[in-house]
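A.B. asks: The structure is given below, and queries will be raised subsequently.
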Amino acid sequence: MESSAVSPVPAPVAVVTGASRRLGFEIGKALLARGWRLYALHRSETDELAQLGDAGARCLAVDLADIASVARAIEVILAETEQVALLVNNASEFTPDATDAVALARQANRLFQIHATAPMQLMSGLAGALQRGGLSGSPALIVNLTDIFVEKPNPAFAAYCASKAALSNLTLSYARSLAPHVRVNAIMPGPIQFLPDHTEQQRASVLAETPLAREGGFGSVVLQLLALLDNDFMTGALIPVDGGRRLA
């Protein structure tokens, strides 16, 4: 009796924005280690991005501040796969408010485009692929990276905070509109990993306002994202990963 060959189960597909450095790179690396097929959306070429490419990621250059560029990235993804199991809207720009009113308006337009409009475009444009992309009967997942400043804004970064608050609200809207086939949650990082240009005084000031009194590291956010993948009964959740800093 001849045995019939069993078709291999295709690797699940993830799309991660801002994958060329820092948190986006760590998320991409963790997904590749789990056997995912990764679309690494990026603006800059970096050594970290090259590592993802060497590990099998499909690296797509995209300018999230440009609606047409985002649309082209969506077209490429949909031309190459019919199913997406995970979308991570991670890309971010963290800049203090401009002092000139016209410059501030331009800055706000850019930040809202990157932090809210582009994620909305990706969630909407990939909705069909996400609805078809659930894992083993579980819904597909969208994770939006917001900020604890959504709840406790920093006045010096008003445009940034407002744009991340818009993404937080979009998380709730899409959690309802895409259910039950797609889950949508947000992770709200706090002091995860200081930038190289943070001074010792700035670091000490932030940690003094953080009950756990230390940086969380990128791994703390990656672990939370993986937990959301493993727990398929969560949607519409806004999850702080901040060492308690929002309580200060």
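A.B. asks: If you roll a 1.4 Å probe over the heavy atoms of the protein chains, what accessible area per residue do you get for region 125-240, in Å²? Write out the running numbers ahead of the final one.
C.D. replies: Numbers: 5460 Å² over 116 residues.
Value returned for region 125-240: 47 Å² of accessible area per residue.
A.B. asks: Moving to a separate point now. So, by mean Cβ neighbours within 10 angstrom, what's the order for 194-205, 11-22 with the highest one leading? If you can, show how the numbers build up before the last one.
C.D. replies: Working: 194-205: 9.9, 11-22: 23.8.
Descending mean neighbour count gives 11-22, 194-205.
A.B. asks: When the helices in the chain are scored as -39500 (n - 2.57) per DSSP H run of 4 or longer and the sum is shared across all residues, what 222 nm value do you end up with, to the nearest 500 deg cm²/dmol?
C.D. replies: Working: 9 runs with 101 residues, N = 248.
When only DSSP H runs of four or more count, the value is -12500 deg cm²/dmol.
A.B. asks: Return the Cα extents of region 22-132 along principal axes one, two and three, sorted largest first, each rounded to a whole Å.
C.D. replies: Extents along the principal axes, in whole Å: 48, 31, 18.
A.B. asks: Quick one: ranking Ile239, Ile77, Ile67 by accessible area, 1.4 Å probe, largest first, what do you get? Walk me through the numbers before you get to the answer.
C.D. replies: Details: Ile239 25, Ile77 0, Ile67 95 Å².
The ranking, largest first, comes out as Ile67, Ile239, Ile77.
A.B. asks: State the volume of the convex hull built on the alpha-carbon positions of the chain, expressed per residue in Å³ and rounded to an integer. Mind showing how you got there, number by number?
C.D. replies: On the way: hull volume 35.1 nm³, N = 248.
Output value, Cα hull per residue: 142 Å³.
A.B. asks: Can you give the Kirkwood hydrodynamic radius for region 139-245, in Å, rounded to one decimal and based on Cα pairs? Before the final figure, lay out each step's value.
C.D. replies: Details: mean 1/r = 0.0682 Å⁻¹.
About 14.7 Å, per the Kirkwood formula over Cα pairs.
The values are calculated or read from the model by the stated rules, or taken from the named source; none is laboratory data. As the structure is a computational prediction, the values presented were derived from the model and not from experiment. FYI the Cβ positions are ideal-geometry reconstructions off the backbone, even for glycines, and counts take in every protein chain you see. These area figures cover heavy atoms from the full protein model, side chains too; ligands, DNA and RNA do not enter into them. Shrake-Rupley method; radii C 1.70, N 1.55, O 1.52, S 1.80 Å.
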